[in-house]
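Novice: Quick one: structure below, then a few questions.
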């Protein structure tokens, strides 16, 4: 795949869980609880490897892992149980270091940015509130697109809302699913280690640069050519 050519004023499209808020392991434990209620056992590390893709794709992967054939009723119960367990654990979720400051800096520099998450509106809304994002910020959730990551729909929709071509965007995410979706959208991917994936994994999935967390990205925005208007 050819490398996208960014304009002088790139936009940033952010994943949410593991990228801006420290919530990956709450998602993992919520899925484990939901699976346990259905009499299904899957190791925590296997669940973690699927965080970042849509719930529907997660359940398809679960079928393959366990050799099961979930009914639609079971799938619905699992999604509802996961959402309920996640919401109960939100008191343990915090913004990642530098997340608020990064978004504030981009706004101050008049750099366009948006959030695109595989989470549903009901689970994303409380974590978005933690970030104190300005009213009117483009936010695209799983409910608003046909397919979630690794399909590009979320990032294509968020770029469209910003009025910026996908090729003029950086996608910032913590999982291989974010970076695969970025490639398919025609955007450059920037990986963060704050979701638990390693640097080699993120680079192997297409990350152009990899940073520790939002604070580290903020300190290195110049490496992406992101700067205030002169």
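The values are calculated or read from the model by the stated rules, or taken from the named source; none is laboratory data. Here the structure is a predicted model, which is why all the values come from computation and not from measurement. We place every Cβ from the backbone using ideal geometry, glycine too, and count neighbours over all the protein chains shown.
Novice: Looking only at residues that are within 24 Å of residue 150 (Cβ to Cβ) and in a loop (DSSP other than H, G, I, E, B) in the stretch 51-92, which one is modelled with the lowest pLDDT?
Specialist: For the stretch 51-92, the residue satisfying everything is 54.
Novice: Here is a follow-up. Could you please find all residues in the stretch 207-230 being modelled with pLDDT under 95, buried (at least 16 other Cβ atoms within 10 Å of the Cβ) and part of a loop (DSSP other than H, G, I, E, B)?
Specialist: Matches in the stretch 207-230: 226 only.
Novice: Take the stretch 154-193 and flag every residue that is over 18 Å from residue 226 (Cβ atoms) and touching a helix residue (DSSP H, G or I) at 6+ places or on another chain (Cβ under 8 Å).
Specialist: Those that are over 18 Å from residue 226 (Cβ atoms) and touching a helix residue (DSSP H, G or I) at 6+ places or on another chain (Cβ under 8 Å): 154, 156, 157, 174, 175, 176, 179, 181, 185, 186, 193.
Novice: So, in the stretch 140-181, how many residues would count as being under 11 Å from the mean Cα position of the chain (by Cα) and free of Cβ contacts under 8 Å to residues at least 40 places away in the same chain?
Specialist: The first filter runs over the stretch 140-181 and keeps only residues under 11 Å from the mean Cα position of the chain (by Cα), leaving 140-142, 148-150, 154-155, 171-179, 181.
Among the residues that remain, those that are also free of Cβ contacts under 8 Å to residues at least 40 places away in the same chain are: 140-141, 154, 179, 181.
Residues that pass the stated criteria total 5.
Novice: Is it the case that residue 33 is touching a helix residue (DSSP H, G or I) at 6+ places or on another chain (Cβ under 6 Å) and farther than 21 Å from residue 178 by Cβ? Let's see the steps before the verdict.
Specialist: Values: touching a helix residue (DSSP H, G or I) at 6+ places or on another chain (Cβ under 6 Å): yes; farther than 21 Å from residue 178 by Cβ: yes.
It is true that residue 33 is touching a helix residue (DSSP H, G or I) at 6+ places or on another chain (Cβ under 6 Å) and farther than 21 Å from residue 178 by Cβ.
Novice: Right, another one. Residues of the stretch 117-143 being in a helix (DSSP H, G or I) and either surrounded by fewer than 17 Cβ atoms within 10 Å (Cβ to Cβ) or touching a strand residue (DSSP E or B) at 6+ places or on another chain (Cβ under 8 Å) (or both), which ones?
Specialist: Within the stretch 117-143, the subset in a helix (DSSP H, G or I) is 121-131, 142-143.
Of everything in the stretch 117-143, those that are in a helix (DSSP H, G or I) and either surrounded by fewer than 17 Cβ atoms within 10 Å (Cβ to Cβ) or touching a strand residue (DSSP E or B) at 6+ places or on another chain (Cβ under 8 Å) (or both) turn out to be 121, 122, 124, 125, 126, 127, 128, 129, 130, 131, 143.
Novice: Just to verify a result, which residue in the stretch 165-180, among those that are at pLDDT 95 or above and in a loop (DSSP other than H, G, I, E, B), is surrounded by the fewest Cβ atoms within 10 Å (Cβ to Cβ)?
Specialist: Only one residue tops the list, namely 165.
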